[in-house]
Amino acid sequence: MTWHSSQESALLAVKRRAMNDDFEVSFPRQEFPQGTAAALDALDEIERIEQLLSVFRFDSQVHYINLTAHERPVRLDKELFDLIALCVQLAQETDGAVDITSGSLWKIWGFARRQGRIPSADELNHAREHSGYQFLELDETTQTIRFKKQGIELNFGCVGKGFALDIAAKRLREHAVHRFLFSGGLSSMLASGRDWRIGIAHPLRAGQRLQELTLYDVAVSTSSSQKQFFRHGGHRYSHLIDPRTGQPAEGVFSATVLAPTATLAELLSTAFFVLGAEKTADYCSTHPEISAILAIPTENVPDLKFGTLKPMGELCHIEFKSIPDS
C-alpha cells in the first residue's frame, strides 16, 4: 500500500526498522509539537513487541513458550494471553483459515528462508500433525497456556505487525497525539483522524494501484502473494498457506481488510485470502464492522447475491475486483 494525506498542514514522518520491515508514523508537525518524542516512544513499543513475539530470538517469551508449553502450563503476561485468545477466537470463526500454530507448514514449503520448495508427503503429514489451534489450552483464571501435543509452535507472522501497530498507537494517544498514520511496511496501516489517502497495490502489476481509499479512524491490512511465491511445474505457489490442507492458498490474488484494529485487520486479511470470495462475503455479512476488497481471478468472480455493495462512505462492505490471471 502507498499513501498520502489531504491535510493542509505539513507532516513529519518518523521511521524505524523492526520486524524485518519499516515502521513509520506521520503526523501534522505544527499541531503536535510533542509528536517527535511521542513517535520515538511509540516506535520503542514496536521493538518491545518484536522482542515479545519473535520466534527467531532465543530470549523472547514466545520462544520460551514453544520450548516448554508441552511439558507444563506457562504463565503469560495479560497482553500476550489476550492476543493468543483473540487468535484462537478468529481461528474458530474462520474454520481454521488463520492459525498461529501453522508456522511449521510455512517452513516446510521453504518460505521461512525465502527459498520455495515442494515438500515431500512425509514432511507435509508431519507438519500437519503438529499444527492446529485445537492443541492450545488457555486458562483464563491462571493466565496460562499449555500445548496438548509436543511439537506445536506459536508463530505470529499473521498478526505481529498489526498487534504492534495497535500497541504503538495507544502510546501515541497517551501523548495526546490523535491525528496520525502509522504503517508497518506496505501491508498494514492504522489511521487516526481524517483524510488519510492510501492506494492498494495491484497484486500482479508492479507500480499500479488496484484502488484508492480515504481512511478515518480505521486500520487496513493487505495479504498478497505479489512478492512471496515460487513457480514449479508451471504452477504458482503462494507463501500464504491454508492451515486446513497444508497447501498454498489459491483463488485470491490479494485480500484487503478494513477493521477497527490493526490486529483484526491483519488476521482477517490472511483468513480471507485463504477462505476465498464466498466465505469472505459470508463472514462480512455477520460482521458489519469489517470491510473487505478481494482481487480474484476473472473466472472466480462470484454471483453477487451473497456479497456486496453495502456503502460505508467511500468504502464497500465487501467488494470483488476481477483480474485476468496473467
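Values in this text are rule-based calculations from the coordinates and carry no lab data. All values derive from a computational prediction rather than experimental measurement. Glycine gets a Cβ as well: all are built from the backbone with ideal geometry, and neighbour counts include every protein chain shown.
How many Lys pairs in the chain lie less than 27 angstrom apart by Cα atoms, where the lysines are 8 or more positions apart or on different chains?
Taking the chain as the scope, the lysine pair count is 23.
Before anything else, pin down the relative contact order of the chain: Cα pairs under 8 Å, at least 6 apart, normalised by residue count, whole percent.
17
How big is the charge dipole of the chain about its Cα centre, in debye rounded to the nearest 20, if each Lys and Arg gets +1 on its Cβ and each Asp and Glu gets -1 on its Cβ?
740
Using the Cα centre of segment 63-120 as origin and beta-carbon charges of +1 (Lys, Arg) and -1 (Asp, Glu), tell me which of GLY116, ALA69, TRP106 is placed farthest towards the positive end of the dipole.
Projecting each Cα onto the dipole axis, the largest value belongs to GLY116.
Starting with the highest mean, order 56-69, 171-184 by the number of other Cβ atoms within 10 Å, averaged over the residues of each peptide.
171-184, 56-69
Can you find, among GLN150, PHE135, ALA169, the residue sitting farthest towards the positive end of the charge dipole of segment 122-199, where Lys and Arg contribute +1 and Asp and Glu -1 at Cβ?
Checked the options; the winner is ALA169.
Hey, got the dipole for segment 1-158? About the Cα centre, +1 on K and R Cβ, -1 on D and E Cβ, debye to the nearest 20?
Its charge dipole is roughly 560 debye.
So how far apart, in nm, are the two label points at ALA10 and ARG194 if each is 7 Å from Cα heading toward Cβ?
Label-label distance for ALA10 and ARG194, simple model: 2.4 nm.
What is the spin-label model distance, in nm, from HIS287 to ASP22 if the labels are put 7 Å beyond Cα along the C-beta direction?
With each label point 7 Å from Cα toward Cβ, the separation is 3.0 nm.
Mind checking the dipole of segment 63-116: about its Cα centre, +1 per Lys or Arg Cβ, -1 per Asp or Glu Cβ, Debye to the nearest 20?
That gives a dipole near 360 debye.
ALA206 to THR141: extension gain in nm, 0.36 nm per residue of separation minus the Cα-Cα distance?
Extra length available between ALA206 and THR141 comes to 18.5 nm.
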